[in-house]
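Report on the structure given below.
The values are calculated or read from the model by the stated rules, or taken from the named source; none is laboratory data. For clarity, every value in this text was computed on a predicted model and none was experimentally measured. Glycine gets a Cβ as well: all are built from the backbone with ideal geometry, and neighbour counts include every protein chain shown. Just so you know, the surface numbers come from the protein's heavy atoms only, side chains and all, with ligands and any DNA or RNA stripped out. Shrake-Rupley method; radii C 1.70, N 1.55, O 1.52, S 1.80 Å.
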Amino acid sequence: MSTVRPERVERLFKTLQSLVVIPATSGFEQGIASRLLDEMRPLADRVEVDPFGNVYGTIEGAGGPRVLLPAHSDSVGMIVSHIEENGYVRFDTVGSVPPNLAYAQRVLIMTPRGACTGVVGSKPGHIAFRDAPLGTSVPPTDALFIDVGASSCEAAQRMGIEPGQQVTWDRELAWLGDGSAGLVTGRSLDDKTGCLVLLEAMRAIRQSGRPHATLIFVGAVQEEIGLRGATQAANRVRPDLCIGVDCTVSQAGFGSGVGMHPSTTFSEAANSLGKGPGLSVMDRGASVPYGLFGHPALIALCRAAAERAGIPYQIEGSMPIITSDAAAVQFAGSGVPSLTIKIPSRYTHGPIEVCSLHDVAASADLLAAALTAIGPESRFEFLEVPRISA
């Protein structure tokens with residue numbers, strides 16, 4: 001585990017807490033976009049928001065390559081689909097949320113009047129226990145409903161509820177255990193931790209002087225439903241390079257091979273919390289039909305920067321179930337060398353995600369070190385082809 005000063009860990013916790021508290025289901029990123037805009041203003045030469053909702057903080061370089069640095073501002077969640085005549089609220093999931101992670105949870109429906117508390121209904125424990133194992137199975141999302149205490153559709157509407165509103169888990173950021181290990185738990189750590197890494201890296205770069213490369217940090221929208229914001233950002237910026245930051249799945253529990261629920265084995269997710277960020281060699285996504293092979297020159301850049309500075313890191317050789325924004329950016333123009341720095345996380349896409357603030361600090365330090373290492377002599381070709389003199 002890396003050594004991070006306690007005062008820095010506490011500052012990271014408070015900043016992350018301020019990001020996580022803002023509901024930001026995909027498609028509803030206005031609140032988090034406003035917050036990122038405020039956070040980036042003192043750290044960037046220029047900040048802006050595009051019509052899609054992406055927030056850009058640009059640090060101008062001294063003539064070097066343009067580097068796009070996305071971390072997605074959205075999170076998985078739910079959306080109100082309709083209200084039944086008896087007042088129960090039906091919902092659909094936004095992003096990859098399996099039914100067991102929505103079942104029997106307290107949730108917030110975001111209305112124009114503010115947050116409306118509800119609970120995703122469950123079979124009473126007395127009955128489910130009696131009918132086990134059948135009674136303990138989780139029904140599909142289409143069968144689930146939110147109880148807001150309304151006795152009719154009209155009563156729910158009087159609360160301000162209507163179709164098309166975002167629904168998020170009612171969970172705040174908290175220390176895991178007594179906090180001594182630097183672990184935190186809460187909703188939406190994927191990818192508010194990535195946004196935090198961008199802010200920390202921007203702060204460090206600001207203090208180190210003007211970089212050679214022009215750095216475009218972006219809080220990208222709608223990653224969880226198909227890397228949509230990053231696709232727009234790449235078309236707008238036309239970068240020369242891309243280094244994204246996102247969460248990845250980590251080992252938790254027991255077993256080997258394919259883990260039995262609820263465990264995730266090291267074979268399924270070959271990285272660990274507290275050992276630094278992962279440099280992703282290969283991944284592929286579930287919501288998009290492609291993934292990313294990390295560009296070898298960018299992997300070499302990050303490894304060298306980490307080793308010079310003594311920053312812990314891991315090599316994520318293969319992650320067949322998760323990709324991220326850099327996978328979309330790679331297709332911009334004639335092709336963009338791209339890489340994702342991944343923050344180890346447990347229990348992703350649910351209300352109790354867990355990550356290490358030590359890993360968050362190491363991710364920011366590694367990103368800043370790699371970006372400031374880009375100089376006039378840096379080369380990012382896939383293959384060095386010797387020139388043949390005439």
Quiz prompt | Residues satisfying the stated conditions in the stretch 240-280, i.e. surrounded by 18 or more Cβ atoms within 10 Å (Cβ to Cβ), over 28 Å from residue 180 (Cα atoms) and among the aliphatic types (A, V, I, L, M) | solution = 241, 243
Quiz item: Looking at the stretch 43-127, what strands (runs of 3 or more DSSP E) fall wholly within it and have at least 2 residues that are under 30 Å from residue 239 (Cβ atoms) and modelled with pLDDT of 95 or more?
Solution: 46-49, 55-59, 66-72
Practice problem: Test each condition in (1) within 22 Å of the chain's Cα centre (by Cα); (2) part of a loop (DSSP other than H, G, I, E, B) for residue 167 and report the one that comes out false. | Solution: (2)
Quiz item: Of the residues that sit in the stretch 65-123 and are open to solvent by 30 Å² or more (accessible area, probe 1.4 Å) and β-branched (Val, Ile, Thr), which one is nearest to residue 165 (Cα to Cα)?
Solution: 79
Exercise. Give just the number: which of (1) out of contact with any Lys or Arg (no Cβ under 7 Å at 6 or more places or on another chain); (2) in contact (Cβ under 8 Å) with a residue 40 or more places away in the chain; (3) open to solvent by 10 Å² or more (accessible area, probe 1.4 Å); (4) hydrophobic (A, V, I, L, M, F, W, C) does residue 205 not satisfy?
Key: (3)
Quiz item: Which of the residues that make up the stretch 304-315 are outside any loop (DSSP other than H, G, I, E, B) and either touching a helix residue (DSSP H, G or I) at 6+ places or on another chain (Cβ under 9 Å) or modelled with pLDDT under 95 (or both)?
Solution: 304, 305, 306, 308, 309, 315
Quiz prompt | Checking residue 361 against (1) assigned to a helix (DSSP H, G or I); (2) under 28 Å from residue 258 (Cβ atoms); (3) in contact with a Lys or Arg (Cβ under 7 Å, 6 or more places away or on another chain), the condition it does not meet | solution = (2)
Self-check item: Close pairs (9 angstrom Cβ cut-off, 6 or more residues apart or separate chains): more than 17 Å from residue 100 (Cβ to Cβ) and of a type outside the set (Ser, Thr, Tyr) in the stretch 126-140, at pLDDT below 80 and open to solvent by 60 Å² or more (accessible area, probe 1.4 Å) anywhere
Solution: 129/136
Quiz item: What pairs can you find where one residue is in the stretch 38-52 and open to solvent by 70 Å² or more (accessible area, probe 1.4 Å), the other is at pLDDT 95 or above and among the polar types (S, T, N, Q), and their Cβ atoms are less than 6 Å apart, with a gap of 6+ or different chains?
Solution: 46/58; 52/232
Practice problem: Please work out if residue 172 is within 19 Å of the chain's Cα centre (by Cα), open to solvent by 40 Å² or more (accessible area, probe 1.4 Å) and in contact (Cβ under 8 Å) with a residue 24 or more places away in the chain. | Solution: yes
